[in-house]
Amino acid sequence: MSDIVSIKFDEMRALLLGFVLFSNVCFAQKALLDSVRKNIRQVFQYESVCFEYYESLESVDVTQNNTLKAYKGAVELGMARHHPNPFKKMGFFSDGKDNLDEAVNADYENIELRFLRLTIQTYLPSFLGYSGDIESDKDFVLSNLKKTNNPTFQSKVKGFIAQAEENGKL
């Protein structure tokens, strides 16, 4: 009887440990996502910021989180901008584009992901050929903006679109 209790206790302890580890991973992913969301503009402006986020995201499994996958793609696109090696630039560009598009296509009604792709495609050089979703993303974002109930996000979107239009990008 004590052997059965001991086995059950070991099983419970293993389940609890698994839950604690899973909770820590989820918390770490949320913290990383919140941070990269807040600093995504700096990823494209500052090489050091980009490299830091790239290193952080390389050790994270993003396959189960489309939003994190999209931001990983954005950071990889930032790496394509900053990396000195032209061959690696193309690799980062390709990986970033694939991750961002896969995330958007898996969660096509996600306004945040569509806006992220819009902001990136709007300011990429046209010769890269990654601008095919600008109009549809812009239309989707503007059509669904009021549904977000997030005044900060709404203001960010409106400000971006106004500035991009003023700069002749949209």
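The values are calculated or read from the model by the stated rules, or taken from the named source; none is laboratory data. Computed from a prediction, not measured in an experiment: that's the story for all the values here. Because the Cβ atoms are built from the backbone with ideal geometry, glycine has one as well, and the counts that use them run over all protein chains shown. For the accessible areas, the whole protein counts, side chains as well, though only heavy atoms, and no ligand, DNA or RNA atoms are used. Shrake-Rupley method; radii C 1.70, N 1.55, O 1.52, S 1.80 Å.
Quick rundown of the values:
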| read-out | value |
| --- | --- |
| Over the range 108-161, relative contact order from alpha-carbon pairs under 8 Å, at least 6 apart, % | 35 |
| Relative contact order for the range 18-170, counting Cα pairs under 8 Å that sit 6 or more residues apart, in percent | 15 |
| Partners for Lys158 among lysines (Cα-Cα distance below 22 Å; same-chain residues under 8 apart left out) | Lys38, Lys138, Lys146, Lys147, Lys169 |
| Of Tyr123, Val104, His83, farthest towards positive along the dipole that unit charges on Lys, Arg, Asp, Glu beta carbons give the range 46-170 | Tyr123 |
| Solvent-accessible area, 1.4 Å probe, carbon plus sulfur percent, for the range 28-170 | 49 |
| Tensor-based shape of the range 19-170 (alpha-carbon gyration tensor, a/c under 1.5 rounded, otherwise prolate or oblate) | oblate |
